[in-house]
Amino acid sequence: MKSGALLVVIGIIAAAFGAHAQTDGNLTQYYEVPSYFNPSAIGNTDYIRIRGGARMQWVGIENAPKTFLGVADMPFKIGTKRLGTGINLTQESIGLYSTLNLGAQIAYKLRKLGGTWSVGLQLGFVDQAFRGSDVRLPEGDDYHQGTDDAIPTTDIHGTALDLGAGIWYQHKKFYAGLSCTHLTSPTITMNAESATGGSETSGRKYEFQIKRTLYFTAGCNIPIKNTLFELAPSVLVRSDFDYTGGIVTARARYRKMFSFGIGYRWNDAIVATAAVEFKNFFLGYSYDYTTSAIRQASSGSHEIIAGYSLKLDLGDKNTHRHKSVRFM
């Protein structure tokens, strides 16, 4: 009941989640950062791909979820074998909670059945913190007292090892992947070691278990004959075995430069997206119009993702010189 008691102080945020915790961000432009959910979705192009972004969920509600992320990946070869490597960094805050995830990724690739299969692993850590110094219990609360031992009164945090794994199939016309984040369902023990010795919370420990989460994602590109347009439908389904949700998106691309689309997140929102790609630069924006009762307090959710891709030469003889990304 320690972690359950902590959730009580989040108030409306906890209620809005319907009793399931959001550890991974609810990204609308999931198709642009597949390695965020699946460590095997790396090194699938001949580019160094860098993406970064931010999501502001349920704007208008105090302490609503905010997610910041950065991902990067690239292919490389060992002999004739092709592999991929990447990094994944995310920071999310929900109410008085904040979570930092950092992971290194590696994937092995094998060409079979007309496409490329990838098996990937992510090794990293997860750090969680709770701002107990900001806890304010309303006067006359019949459920909690100001001296409730289950509620910390100082800032606490803890760190745990975190693993992820996945499999990915990439075809020239479509892709599909299955993955699991927080594979070991790590338990984070949070304490107040940095608190002052006189604090009532000092020496106490609080536990929070992160649920393993399954992801299935798929999409394809459908050229429209005699036009410069192509359709790019995609879907993402997630489940932590207590809660299952998903989002389906239909986008159209023009000249492989401009794209726009609409989508629906199950029991949550109708989404609209727009993006532009120019000389290896990418910029995308999405807006979620909430369809649940939360819309009475929120104007919706906003998300922006930007990125850059640098072409690599994976031939035996690399005749191209590449400038450092930092100076481009």
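Just so it is clear, none of the values below were taken in a lab; they were calculated from the coordinates. No experiment lies behind these values; they were computed from the predicted model shown. For neighbour counting, all protein chains shown are included, and Cβ atoms are generated from backbone atoms with ideal geometry for every residue, glycine included.
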One finds the C-alpha centres of the stretch 42-111 and the stretch 204-222 to be spaced, in Å, by 13
Could you pull out every residue, at least 5 positions away or on a different chain, whose amide H is within less than 5 Å of the one on M190? Hs are placed 1.01 Å off N in the peptide plane, and Pro or chain starts have none.
-> Y206, E207, F208
At 0.36 nm per residue, minus the direct Cα-Cα distance, what do F76 and A176 gain on full extension? Give it in nm, one decimal, please.
-> 33.8 nm
Step through the residues of the stretch 107-112 one at a time and calculate ³J(HN,Hα) from phi using the Karplus curve (6.51 cos²θ - 1.76 cosθ + 1.60, θ = phi - 60°), rounding each to whole Hz and writing x for Gly and Pro.
-> 9, 9, 10, 9, 8, 8
Given the pairs K77/K173; K173/K225; K112/K311; K81/K173; K109/K279, which span a C-alpha to C-alpha distance of over 21 angstrom in this model?
-> K77/K173; K112/K311; K81/K173; K109/K279
Once every Cα of the stretch 21-96 carries one equal point scatterer and solvent is ignored, give the base-10 log of I(q)/I(0) from the Debye formula at q = 0.22, 0.25 Å⁻¹, two decimals.
-> -0.95, -1.12
Apply the Karplus parameterisation 6.51 cos²θ - 1.76 cosθ + 1.60, with θ equal to phi minus 60°, to every residue of the stretch 276-282 and state each ³J(HN,Hα) to the nearest whole Hz, in sequence, with x for glycine and proline.
-> 9, 10, 8, 6, 6, 9, 9
Computed ³J(HN,Hα) along the stretch 291-297: with the Karplus parameters 6.51/-1.76/1.60, θ = phi - 60°, integer Hz and x for glycine or proline, the list is 9, 8, 5, 4, 4, 5, 10
Would you order F208, F229, F76 from fewest to most other beta-carbon atoms within 10 Å of each residue's own beta-carbon?
-> F76, F229, F208
Arrange E32, E277, E207 by Cβ neighbour counts within 10 Å, fewest through most, would you?
-> E207, E277, E32
Where labels lie 7 Å past Cα in the beta-carbon direction, separation of S133 and Y47 in nm = 4.3
Once the piece of chain linking A250 and E62 is laid out straight, how much longer is it, given 0.36 nm per residue of separation minus the C-alpha distance between them?
-> 64.5 nm
Segment I224-L183, extension gain: residue separation times 0.36 nm, minus the distance between their alpha carbons = 10.7 nm
